[in-house]
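Below is one structure, written out as structure tokens; the observations come after it.
The values are calculated or read from the model by the stated rules, or taken from the named source; none is laboratory data. Model, not experiment: these values are computed from the prediction. Glycine gets a Cβ as well: all are built from the backbone with ideal geometry, and neighbour counts include every protein chain shown. Heads up: the accessible areas ignore ligands, DNA and RNA and are worked out on the full protein's heavy atoms, side chains in. Shrake-Rupley method; radii C 1.70, N 1.55, O 1.52, S 1.80 Å.
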Protein chains: 8
Amino acid sequence: MRYTVYLSGEIHTDWRDKIKAAVKAQNLPLDILTPNTDHDSSDDCGVSILGQEEKVFWKDHKAAKINSIRHTRAIERSDIVVVRFGDKYKQWNAAFDAGMAAALGKGLIVEHATDITHPLKEIDAAAMAVAENTEQVIQILEYLCRDY
Amino acid sequence: MRYTVYLSGEIHTDWRDKIKAAVKAQNLPLDILTPNTDHDSSDDCGVSILGQEEKVFWKDHKAAKINSIRHTRAIERSDIVVVRFGDKYKQWNAAFDAGMAAALGKGLIVEHATDITHPLKEIDAAAMAVAENTEQVIQILEYLCRDY
Amino acid sequence: MRYTVYLSGEIHTDWRDKIKAAVKAQNLPLDILTPNTDHDSSDDCGVSILGQEEKVFWKDHKAAKINSIRHTRAIERSDIVVVRFGDKYKQWNAAFDAGMAAALGKGLIVEHATDITHPLKEIDAAAMAVAENTEQVIQILEYLCRDY
Amino acid sequence: MRYTVYLSGEIHTDWRDKIKAAVKAQNLPLDILTPNTDHDSSDDCGVSILGQEEKVFWKDHKAAKINSIRHTRAIERSDIVVVRFGDKYKQWNAAFDAGMAAALGKGLIVEHATDITHPLKEIDAAAMAVAENTEQVIQILEYLCRDY
Amino acid sequence: MRYTVYLSGEIHTDWRDKIKAAVKAQNLPLDILTPNTDHDSSDDCGVSILGQEEKVFWKDHKAAKINSIRHTRAIERSDIVVVRFGDKYKQWNAAFDAGMAAALGKGLIVEHATDITHPLKEIDAAAMAVAENTEQVIQILEYLCRDY
Amino acid sequence: MRYTVYLSGEIHTDWRDKIKAAVKAQNLPLDILTPNTDHDSSDDCGVSILGQEEKVFWKDHKAAKINSIRHTRAIERSDIVVVRFGDKYKQWNAAFDAGMAAALGKGLIVEHATDITHPLKEIDAAAMAVAENTEQVIQILEYLCRDY
Amino acid sequence: MRYTVYLSGEIHTDWRDKIKAAVKAQNLPLDILTPNTDHDSSDDCGVSILGQEEKVFWKDHKAAKINSIRHTRAIERSDIVVVRFGDKYKQWNAAFDAGMAAALGKGLIVEHATDITHPLKEIDAAAMAVAENTEQVIQILEYLCRDY
Amino acid sequence: MRYTVYLSGEIHTDWRDKIKAAVKAQNLPLDILTPNTDHDSSDDCGVSILGQEEKVFWKDHKAAKINSIRHTRAIERSDIVVVRFGDKYKQWNAAFDAGMAAALGKGLIVEHATDITHPLKEIDAAAMAVAENTEQVIQILEYLCRDY
């Protein structure tokens, strides 16, 4: 069975590459969507395309709105949304994406280390699976793809 | 004009009381909904009602799911969702609520100090107003209630 | 916080009366909806109003369709759907109601004894709380109603 | 006319193979989706991927949630949902799937022996066809595919 | 249990009055909505308010569009839509209302004499009850209102 | 621009063939869906597949429900629904389909002779075009397909 | 029959007062919602509450977003949306409101002078009534409120 | 990442051709939809296909309704709706399309010169990007298409 999967959340490790490599190696019927994982262009797209801003707030605002076109479409289009929480940064955008996925009834898979279970309990509660590492996410995806 | 307003997010300061006091003092036509703001009962409701768990994960899970009945109903029923981010804790549940509110097309108002603008840019981008303090939130609510 | 609650499922014990009594005793802000719990009139409504049928299939069909007007409206209108599974009968209608409630994103609470956990796992997985007895259901409802 | 069909319910006989064979033999324009019909991996997927649980409840819970990603996607994506009730087991998951299909307005076809008509009357009432055997289901599918 | 009921269809007999009288006599918790049952004002409202038309098509068009504001709101707002087919006129508007009610998942009750069963089979198939006379409709409504 | 078009309504003249011929001759980017236009199999499908009925009502019921799987899917899947009213028969199913199409916000095109304008005014009011003959319908479809 | 009505569009004449006066004089069952009709506070609400902006674009942006909370809620909550186009200004916000109302399936009534029919044809085409003056709008509302 | 894009609004300059040329030159994964940009056939399609009208209002009405089949489908089907406002004409249809796109949660991009910022503030507030020229629109589209 084929799925469209959006890989949301943390962009500072190579977890998406691991999933893509598994998809390729195992020939899994998965269409992978991602956010812009290039940190600089993601932050600067608003002012670099639409013109500079003096206030940081509006610089961020213009970038975040342009990026939201991609994020919102990706979540709406997905069957499964995987959200990974790393050990750094605020990652409120990851939690925000999880909220959108939950409200839209998507199959939500959350990945995070066990030491942040308590602050993530509301998001875990909305998830269909809570993985501790990317290998588990890959195993779940592989399992869900099997044909019978 | 009358609105139902859900006050999501940070539960360690008295910002909800300020809004409720203003509603009362100014007789604003607002129906206020809140999460459980009693931290202990919120954390313990699962195991205290449905039985103990050895693993912290399942203790949190049972509590978070029960609380999600309230949160999800409150967001769905609201015209306006106010989400306040404080200066402590992970607050991923606040960002998660904001994501649900955005996906459901609610009138989202976000309150946070200016020093966390950058990590909140995706949520601010989905908001109809970004306030720096609760007084501004109250002014917006008062303004929206006026009849013409 | 006020909720509309539909009490679906098993109709051969007095569990609904216990909940209604608690609502009354504790003055809980709950609007309770129920199916027709009078077994005979529920089975016979089709033929007694719309005319006899020779085949049992059509007798059942006419009754079930009339009753579905009530059930479907009750589920759609509810914030919370409580489904109780007893120790007798097939109770496929209870599982069917749970499926409707899940698909519509309702706050699903399931009550059943622990010895039928395995065959109910798909329904429990969609529930926000799995209670072992009606007292627990009442405690959850009371907890969710509290104002802060 | 082409349809996507989800074959839900009983997994202990070869009824799905009969339908697939007919699709192949008659070259019917049907895309067939199924649940995991391998009983063991379906029961064990949660703990085998995400780690052991001491309590059976949580073992079942983790498996059922992972499987629900497949089931929910399959029902949402389908034009027609066929649910077969066999003569054994509780089969509450089959009734649950039927409830989801009904709430989402899918073309529901139910197959079951005539001796369980009475307890299935609510589900039959929501169905567009009630078949007594798989041959009838195949005939209906073939009939619906015809082009004019 | 309380319902909003829209009484659509035939406007040349007093069937609506019978239902209203029963509601009053039995104090049923039903909110009754009706179309404009005054034939002349219904046909003329467009040109009498918005100005004359030379072509009959546009006269009818203006009236039908104004009336659709009432009809569409009434159907959307209803729990139950009752559509009565009489023995005269084309009554395509009644069938059109039934189609809207079916598409919106309303509890559809159809009333008609048995001699027009065949041409009404598609509409009957979407109905939760097919009554032969208004007395049966009243009995169904009374039955659905009972509290347990 | 490509569209999916459902051709509903009258099945006793060759109007669908005219449209299909035009699609082929002009190579229009239209995917055409139709009901079962074979009158006998449409009427008999219920009893011929699922078993005889003594009452005509149930014979019709079983057929109409099976056919509704096709009709409902076709309307939901369509961008444009064309409904033709002929000069014979009750054609309530055509008006019912128009009601479903209107409720689902489809692009509704109605074709009928001018002498039945008055009884069709509610349906015409919901239509985006009211044609007097199939040639006009074809011209509209061709016009809508043009690329710019 | 009772309706909620949003009076959108032009704010420089007293047309809303005429409608409100008629509602009062005739005791019509209408709940009237309006935008902020105080031009200055509407333009300045963003900067006066949330802080000054150097760029006019952001000043307008903050005001328009706050006001959108009211507008969007009002349109969603309404049964009927009346949009009046006057003879001055760009009035793109009025057309924007009409687009939202149309997309949400509201009963749209448009009022404008006949000399701007051509540029308003797309909006008129989505309307259930096109009035030339406020008296006609009042007559339509009165007509729709009548009970039968 | 692939998107469907509807290019709404002004039809008197070659801005759509610029976007199409960029799509071709850069091989962007975009499916472009447009309105009828041939002004005469757009205005005349109603009367030329469905017959003459004496009143200009009905001539415009028939054309606008036929065109709405294309516009509504295009907006519903799009991921991104680009609306360009030029320096001439009323352009209420452009603002109407923007309202539909906003109500349906589409990724709205607005293009207009800076001197009309104030009257467009409500539409800009609903947009994810406000561009001053077509080159900026193209850059945004190119940016959103990048794969990571």
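Sum -39500 (n - 2.57) across every DSSP H segment of at least 4 residues in chain A, then divide by the residue count to get the 222 nm mean residue ellipticity, nearest 500.
-16000 deg cm²/dmol
Against the globular-protein guess of 2.2 N^0.38 Å, express the Cα radius of gyration of segment G:18-109 as a ratio, rounded to two decimals. Each step should come with its number before you reach the end.
Values: Rg = 15.2 Å, N = 92, 2.2 N^0.38 = 12.3 Å.
This ratio for segment G:18-109 stands at 1.24.
Mean separation of Cα pairs under 8 Å and 6+ residues apart, divided by the residue count of chain E: what relative contact order is that in percent?
27
Among C:19-25, F:94-100, E:58-64, how do they line up from the highest to the lowest mean number of other beta-carbon atoms within 10 Å? Don't jump to the answer; show the numbers that get you there.
Details: C:19-25: 15.3, F:94-100: 29.1, E:58-64: 22.1.
In descending order of packing, they fall as F:94-100, E:58-64, C:19-25.
Which pairs in the list G:LYS90/H:LYS106; A:LYS121/C:LYS106; E:LYS65/G:LYS90; E:LYS106/G:LYS90; G:LYS121/H:LYS121; E:LYS59/F:LYS20 are over 31 Å apart, alpha-carbon to alpha-carbon?
Check vs 31 Å cut-off fails for E:LYS106/G:LYS90; E:LYS59/F:LYS20.
Roughly to the nearest percent, how much of the accessible area of segment F:96-148 is carbon and sulfur, given a 1.4 Å probe?
Looking at segment F:96-148 in its full context, I get 48 percent from C and S.
Under the Karplus relation 6.51 cos²θ - 1.76 cosθ + 1.60, θ = phi - 60°, what is the ordered set of whole-Hz ³J(HN,Hα) values for segment D:80-89, x standing for Gly and Pro?
These are the phi-based 3J(HN,Hα) values: 10, 10, 9, 10, 9, 9, x, 9, 9, 6 Hz.
In peptide E:4-12, what is the residue-averaged number of other protein chain Cβ atoms found within 10 Å of each Cβ?
Whole-number average of other-chain Cβ neighbours for E:4-12 is 0.
For chain B, with a Gaussian network of springs between Cα atoms less than 10 Å apart, report the residue from B:ILE32, B:ILE66, B:ILE75 with the top mean-square fluctuation.
Looking only at B:ILE32, B:ILE66, B:ILE75, the largest GNM fluctuation is found for B:ILE66.
Using modelled amide H (1.01 Å from N, peptide plane; none on Pro or chain starts), what sits under 5 Å from the amide H of E:GLU111, excluding residues fewer than 5 places away?
Those lying under 5 Å, H to H, from E:GLU111 are E:VAL83, E:ARG84, E:PHE85, E:ALA131.
Where the only charges are on Cβ atoms (+1 Lys, Arg; -1 Asp, Glu), what is the dipole of the protein assembly as shown about its Cα centre, to the nearest 20 debye? Can you show the working numbers first?
On the way: 144 positive and 184 negative charges, 0 e Å.
It comes to approximately 0 debye.
Which residues of segment G:100-114 bury at least 10 Å² of accessible area once all protein chains are present, versus their chain alone (1.4 Å probe)?
Buried-area filter returns G:MET100, G:ALA102, G:ALA103, G:LEU104, G:GLY105, G:GLY107.
I'd like to compare H:37-44, B:119-126: which one has the highest average count of other Cβ atoms within 10 Å, and what's the full order after that?
B:119-126, H:37-44
Work out the mean other chain Cβ neighbour count within 10 Å for the residues of F:53-65 and drop it here as an integer. Write out the running numbers ahead of the final one.
Details: counts 2, 2, 6, 4, 7, 5, 3, 8, 8, 5, 3, 9, 11.
That average works out to 6.
Give me, ordered by chain and number, the residues 5 or more places off G:ASP31 or on other chains with an amide H under 5 Å from its own placed amide H.
The answer is G:TYR3, G:THR4, G:VAL5.
Average partner chain C-beta neighbours within 10 Å, per residue of A:67-79?
6
Restricting the count to DSSP beta bridges whose residues both fall in segment C:1-89, what percent are antiparallel, rounded to a multiple of 5?
That works out to approximately 0 percent antiparallel.
First compute the accessible area of segment F:41-89 with a 1.4 Å probe, then give the percent of it belonging to carbon and sulfur atoms.
Answer for segment F:41-89: carbon and sulfur cover 49 percent of the accessible area.
In Å², nearest 100, what accessible area do chains F and E bury in total when the solvent probe is 1.4 Å?
3000
Keeping all protein chains in place, calculate the accessible area per residue for segment B:19-133 (probe 1.4 angstrom), answer in Å².
Each residue of segment B:19-133 exposes 36 Å² on average to a 1.4 Å probe.
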